[in-house]
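The values are calculated or read from the model by the stated rules, or taken from the named source; none is laboratory data. No experiment lies behind these values; they were computed from the predicted model shown. With ideal geometry, Cβ positions are generated from the backbone for all residues, glycine too; neighbour counts draw on all protein chains shown.
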Amino acid sequence: MRFRKMEGAEIASSGAGPDAEWSAIQMKEKWKNALQALPEEYRRVYQMRDLENQPGEKVAAELGISLGAMKSRLHRARTLLREKLDAVLRGNCDSVEGARRWKSP
């Protein structure tokens, strides 16, 4: 158990240690970089559907594409994010930018 000082008193903390907190911050930064590296057409669908929780029909209508195209782009965005982050975490590259360049099909 760790203790944190607050206004002169030590309070027990069951939270993550500094190393775990730093790792979480680094992972979040890598995820943000991977998301920004996605081609715009995939990033926008991913943001609207997965991050903003908008219904697929609304995302498709707002982007002026079919529901099938929206689903395809969402699947591709998720796959690309997974591949990029896997490469970084496995040590196959130093950064998200160093992983394989993504190209729109």
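A few remarks follow.
- Any pair with Cβ under 8 angstrom, 6 or more apart, that starts in the range 21-43 at a residue that is closer than 21 Å to VAL59 by Cα and ends at one that is loosely packed, with under 11 Cβ neighbours inside 10 Å and among the hydroxyl-bearing types (Ser, Thr, Tyr): PRO39/SER104; GLU41/SER104; TYR42/SER104
- If you check ALA60, ALA37, ALA87 for being of a type in the set (A, V, I, L, M, F, W, C), at pLDDT 75 or above and touching a Cys at 6+ places or on another chain (Cβ under 9 Å), only one passes: ALA87.
- Odd one out for SER14 among (1) of a type in the set (S, T, N, Q); (2) modelled with pLDDT of 90 or more; (3) loosely packed, with under 10 Cβ neighbours inside 10 Å: (2)
- Taken over the range 37-72, the criterion of being surrounded by 12 or more Cβ atoms within 10 Å (Cβ to Cβ), more than 21 Å from the chain's Cα centre (by Cα) and either of a type outside the set (A, V, I, L, M, F, W, C) or not in a helix (DSSP H, G or I) (or both) is satisfied by LYS58, GLU62, ILE65.
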